[in-house]
Every structure is written in structure tokens, then in C-alpha cells.
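Okay, structure first, notes after.
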Amino acid sequence: MSEPACSIEDVSDAHETARVQSQDARHRRNNAWLQTHWDAVLPQARGKFLAVAGQEAFIAQTPEEAWAWVDTTHPEDDGAIVQYIRPEAGPRIYASHR
Amino acid sequence: MQVTGEWQLRDDGVVRPIMRAKVLGSAGTLASENFLIDSGADRTVLSAVLLARLQLPTQNADPGVTLSGIGGTSEFVLVTTVIALMRDDGVLVRIRGEFAGFTDPKTLDMSVLGRDVLGNFDLIIGRHRNEILLLAPRHRYRIDRE
């Protein structure tokens, strides 16, 4: 894998920009909700997959189950997030691991 | 260009530098994702959880090429997609490229924004002032001494 190159461009489409701005607002709301509700989802979410959509949480066994919950429970929320919650809570150096 | 990130409280009680982004999937839809800003990472890497959402065609890396960290190497694939960021002035920015993606959902708990993307910007990570900024012309930073 050689040094990758990215191209960066501004989007001039006002409709697309407005759509992403709305999505980003929903994304921001879900992030903000999670940051104030960690105590409601931990420790039961450790080692599992946590979905947040519509300022509501769901703990799943797999990513597919988490995304399916998003699609069925909050199909309108394209600001939904799903993440793996590590079983352990110690300090992290973000690198790949086995 | 100025894009503002955020300090985000994570599951372990640690506050980390995060950039909200939208990533283009196969159906033309954008998935919302929080990227850890990691100026020490050579490559931007998408989490396996995000890959599962995007449903993009993947490619294997060339033989002998690994994605390695302190803990060893991990299985990954390559995807070509767009990472979209919202500039502070409301303009949408598309970053198009080939990015790595982990295949094991337990390898990494979040996607990582690495130097392949960050190298296009000046990066400010300021905890004391609670600032995370990606800057590109016509924005720049200045250091003042009191």
C-alpha cells in the first residue's frame, strides 16, 4: 500500500449541502445524548455493539443487528451511530491489535 | 477552510478528539461516523462496523502489505469512497480516496482519521481551549505570546 492520495473538493450543490447539514444536526444530537447517558448503557454494553438513534440506545450482539434496529426503529435518523464498546476500560493507544 | 471537531467523552471516561463525518455508501446514502483524530496514524481506517453499513465493494491489499500497530497486524480491505465534512461556513467538503477498513468489528472501536487526510490540513488539537480545527487556505493559525 503506497502513500495514498486524497482529492478534496467543495460541494456547490445547495440541496445536497442542506441535506447533509440536517443529517449532521441529527448526528450531533445523538453524540450529545450518548455523552450524557454513558451510565445508562454501561457496563452492559461492554463487549457488544451500541447503537444510538433518535436519542435512544440499543445494545446488539453484532453490527448487523445494531444497524437493523436503527433501520426499523428510527428509519428517519441518518445521524445514527453504531460502535463497538470494548470489554476493557483501560488506557488506549489507538493501534491495531489482536 | 476551517472544519471544527469536538472533544468527545467516550465509554472509558476519557475525552478524545473527534471529527464528525459522513461516509458515502453503496446506495448513495451517507452514514454518520465519528472519527478519532490520530495524527500518528499513517492511514485513515474505517471501522468494520461502518464497513458493514456502507456495503461497498472491497479490494484486498497487495500481498505483503499489512496494517500494523503496536499490537501487531490486523486483517483489512480497501474501499474507495468519499468522506464528507462540513466546513464552519456551511460549505460541504468531499474527501475522495481509497481508505483501509478493518474486517473484524472488534479490532477497533472507532474509525480513525489519519495522515492521508490530515496531511491536507493544519491541525489544531487544543484541550485547554477546547479546540479542534482543521485549517486550509484561506485560514491559518498564529501563535501569540502573552
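All of (1) within 21 Å of B:Ser47 (Cβ to Cβ); (2) more than 8 Å from every other protein chain (Cβ to nearest Cβ) hold for A:Arg19 with one exception: (1). If you go through the stretch B:53-74 one residue at a time, do you hit one that is facing chain A (nearest Cβ under 9 Å), in contact with a helix residue (DSSP H, G or I) (Cβ under 6 Å, 6 or more places away or on another chain) and either at pLDDT 95 or above or open to solvent by less than 30 Å² (accessible area, probe 1.4 Å) (or both)? The answer is yes, given that some residue of the stretch B:53-74 is facing chain A (nearest Cβ under 9 Å), in contact with a helix residue (DSSP H, G or I) (Cβ under 6 Å, 6 or more places away or on another chain) and either at pLDDT 95 or above or open to solvent by less than 30 Å² (accessible area, probe 1.4 Å) (or both). Only one entry in B:Ser47, B:Ser39 is out of contact with any Asp or Glu (no Cβ under 8 Å at 6 or more places or on another chain) and hydroxyl-bearing (Ser, Thr, Tyr), namely B:Ser39. Taken over the stretch A:4-36, the criterion of being closer than 26 Å to B:Val15 by Cβ and open to solvent by 60 Å² or more (accessible area, probe 1.4 Å) is satisfied by A:Gln21, A:Arg26, A:Arg28, A:Arg29, A:Thr36. Within the stretch B:20-34, can one find any residue that is surrounded by 24 or more Cβ atoms within 10 Å (Cβ to Cβ) and assigned to a loop (DSSP other than H, G, I, E, B)? So far as the stretch B:20-34 goes, no, none of its residues is surrounded by 24 or more Cβ atoms within 10 Å (Cβ to Cβ) and assigned to a loop (DSSP other than H, G, I, E, B).
Here's the yes/no breakdown for (1) more than 17 Å from the chain's Cα centre (by Cα); (2) in contact (Cβ under 8 Å) with a residue 60 or more places away in the chain; (3) part of a loop (DSSP other than H, G, I, E, B):
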site: B:Val82; (1), (2), (3): no, no, no
site: B:Glu98; (1), (2), (3): no, no, no
site: B:Pro105; (1), (2), (3): no, no, yes
site: B:His128; (1), (2), (3): yes, no, yes
site: B:Arg142; (1), (2), (3): yes, no, yes
site: B:Glu146; (1), (2), (3): yes, no, yes
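The residue that is least open to solvent (accessible area, probe 1.4 Å), counting only those in the stretch B:107-126 that are part of a loop (DSSP other than H, G, I, E, B) and touching a Leu at 6+ places or on another chain (Cβ under 7 Å), is B:Met110.
Residues that are within 17 Å of B:Leu36 (Cα to Cα) and in contact with an Asp or Glu (Cβ under 6 Å, 6 or more places away or on another chain) do not occur anywhere in the stretch A:52-60.
Within the stretch A:72-84, can you find the residues that are more than 10 Å from chain B (Cβ to nearest Cβ) and open to solvent by 50 Å² or more (accessible area, probe 1.4 Å)? Selection gives A:Thr72, A:Thr73, A:Pro75, A:Glu76. Suppose we filter the stretch A:40-53 for residues that are surrounded by 17 or more Cβ atoms within 10 Å (Cβ to Cβ) and over 27 Å from B:Gly114 (Cβ atoms); how many remain? Matching residues across the stretch A:40-53 total 2.
The values are calculated or read from the model by the stated rules, or taken from the named source; none is laboratory data. Just so it is clear, the structure is predicted and the values come from calculations on it, not from any experiment. Note: ideal-geometry Cβ built from the backbone for every residue, glycine included; neighbour counts use all protein chains shown. Areas reflect the complete protein model, heavy atoms only, side chains present, ligands, DNA and RNA absent. Shrake-Rupley method; radii C 1.70, N 1.55, O 1.52, S 1.80 Å.
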